Amino acid sequence: MLYQLYETQRALLSPFAEFASASAKLYNNPLSPLAMTPLSQRVSAGLDLMHRLAKDYEKPEFNIHSVNVDGVDVAVQELVPVTKPFCRLLRFKRYTDDLTVLSKMKDQPTVLVVAPLSGHHSTLLRDTVKQLLKDHKVFITDWTDARMVPAEVGPFHLNDYVAYVQEFIRFIGPDVHVISVCQPTVPVLAAISLMASNGETTPRSMTMMGGPIDARRSPTAVNNLAMNKSYSWFEHNVIYRVPTNFPGAGREVYPGFLQHTGFVAMNPDRHLSSHYDYFLDLIRGDGDSAEAHRQFYDEYNAVLDMPAEYYLDTIKTVFQDFALVNGTWEVNGQLVRPQDIKGTALLTVEGELDDISGAGQTRAAHELCSGISREHQKHYDAEGAGHYGIFAGRRWRENVYPVVRDFILKYNKHRVGQSSQSAANSAPVKATARAAAVKSRSSATSTAAPTRASRSKKA
């Protein structure tokens, strides 16, 4: 019932939000007579703020159309190589006519960024992707808002999340480097562990950033809520059915608006201060500061619904049973054994001021992955960085990213357990295999109808 009431309120506020937006422009446009009235700037600022507080926030776009590689602007196209009911695998493909840069890009590492399914859209990692594109071929998981998935598709559990990650790794290939940010550190570690247990070739490296591998360490407010409330409390207090005006009508979800309320409740004073500063910036005519506020809250206020089964599984498995660290987690009847991972290097990253995943929670992965020799494990503490600072903003770009980039590059040259000499010896074999593949593709395309030649080369 709560979800239906929220949707009714949203529908009622929508015309008022649009009216406030139009009125704000009337009091701010230099061609409008109302802009000449006393206090017009204050009235316009107040109406603009009212519009932003009442409007509905849609899923943002990545809007990454180019990136600078070695001083050359390279075009970027967003592709969707794999589509699943609850997730799309996106690829940011780079194009250039500069042969030197093209050659360099072809040899750069391939990275799979596993974005969190924890309330916000994957575009929250826009800064992460944009920085990675300078030195990597980048894929990212783009999770679907559960209210847009028809109920007849069926449920989505934490085990399904693990299976999705495995499928994406197999699709990209074993030479991929996996980066998981926050929530997905747990299912990503499970996915790679199961692959190792089954004798599959695992990714060259895995980077885990600010995730609850062991939520018992330095518990935060988020951890305490999940640990101190019973499983049945979550079932009866945060799970609702999607209303009839969405494709997923009838599906049980943890609604995005409840998650957003929780996000704001963690730091209400900070958000109130930010909105007041935005009001003052509009009055002063500080367009840059006002635009920065809009960009942040366009992303922050855009939330998605999570499938109820997945959310409840996560609460029980990660925050109540601590099944991963206790060695009791089974995925489809198979025990998750991180100690079976041997051919994948491990990097963990934590923020000094992280108030979502406390100190030591991500670092716990090193103890679990005892099959990886210590020389192939690395931990990095980002000084002065909060939760978002480890994957977005100045500290990510200047401090964290160079560590991640260098770690990936180190293990892109040779796999864990493979010496530099053996890697060099395997190079001619790989080159021959690539040449055969190119020849095969050429013969296949020679019988097809001619197509318009591309004006740029790609990587």
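Worth pointing out:
- Selection status of Ile239, over 23 Å from Pro116 (Cα atoms) and either over 24 Å from the mean Cα position of the chain (by Cα) or not assigned by TED's automatic domain parsing to the domain that holds His366 (or both): no
- Tally of residues being of a type outside the set (Ser, Thr, Tyr) and in contact with a Pro (Cβ under 8 Å, 6 or more places away or on another chain) across region 349-370: 5
- Residues (part of a helix (DSSP H, G or I) and in contact (Cβ under 8 Å) with a residue 40 or more places away in the chain) located in region 292-306: Arg294, Tyr297, Asp298, Glu299, Tyr300
- The residues of region 131-141 that are in contact (Cβ under 8 Å) with a residue 60 or more places away in the chain and either under 22 Å from Thr83 (Cα atoms) or part of a loop (DSSP other than H, G, I, E, B) (or both), listed by number, are Leu133, Lys134, Asp135, His136, Lys137.
- Scan of region 231-258 for residues that are in a helix (DSSP H, G or I) and surrounded by fewer than 19 Cβ atoms within 10 Å (Cβ to Cβ), ordered by number: Tyr231, Ser232, Trp233, Glu235, His236, Asn237, Phe257
- Selection over region 247-281 of residues that are in contact with an Asp or Glu (Cβ under 6 Å, 6 or more places away or on another chain) and either more than 24 Å from Leu158 (Cβ to Cβ) or among the charged types (D, E, K, R) (or both) gives a count of 0.
- Residue satisfying all of: in region 170-201; crowded, with 24+ Cβ neighbours inside 10 Å and of a type in the set (Val, Ile, Thr); farthest from the chain's Cα centre (by Cα) among these: Ile192
- Against the list (1) without any contact (Cβ under 8 Å) to a residue 24 or more places away in the chain; (2) outside the structural domain of Tyr27 (by TED's automatic domain parsing); (3) of a type outside the set (A, V, I, L, M), the condition Cys87 fails is (1).
- Inter-residue pairs, beta-carbon under 6 Å, first hydroxyl-bearing (Ser, Thr, Tyr) and in region 44-68, second crowded, with 16+ Cβ neighbours inside 10 Å and in a helix (DSSP H, G or I), 6+ apart: Ser44/Ala24
- Breaking point among (1) at pLDDT 95 or above; (2) within 28 Å of Leu5 (Cβ to Cβ), for Ile213: (2)
- Test: residue in region 358-370 that is among the polar types (S, T, N, Q), in contact with a Ser or Thr (Cβ under 8 Å, 6 or more places away or on another chain) and assigned by TED's automatic domain parsing to the domain that holds Thr123: yes
- Residues (in a helix (DSSP H, G or I) and polar (S, T, N, Q)) located in region 176-230: Thr185, Ser193, Ser197, Asn223, Asn224, Asn228
- Filtered by the rule that a residue be surrounded by 16 or more Cβ atoms within 10 Å (Cβ to Cβ) and among the charged types (D, E, K, R), region 94-114 gives Arg94, Asp98, Lys104.
- Search result, residues across region 365-420 that are modelled with pLDDT of 95 or more and β-branched (Val, Ile, Thr): Ile372, Ile390, Val400, Val403, Val404, Ile408
- Residue list for region 171-199, restricted to those being farther than 14 Å from Leu335 by Cβ, touching a residue at least 24 places away in the same chain (Cβ under 8 Å) and not aliphatic (A, V, I, L, M): Phe171, Gly173, Pro174, Asp175, His177, Ser180, Cys182, Gln183, Pro184, Thr185, Pro187
- Considering residues of region 32-86 that are of a type in the set (Lys, Arg) and more than 30 Å from Ala163 (Cα to Cα) only, the residue surrounded by the most Cβ atoms within 10 Å (Cβ to Cβ): Arg52
The values are calculated or read from the model by the stated rules, or taken from the named source; none is laboratory data. Fair warning: this is a prediction, and the values are worked out from it, not measured in the lab. All Cβ positions, even for glycine, are placed from backbone atoms using ideal geometry, and neighbour counts span all protein chains on display.
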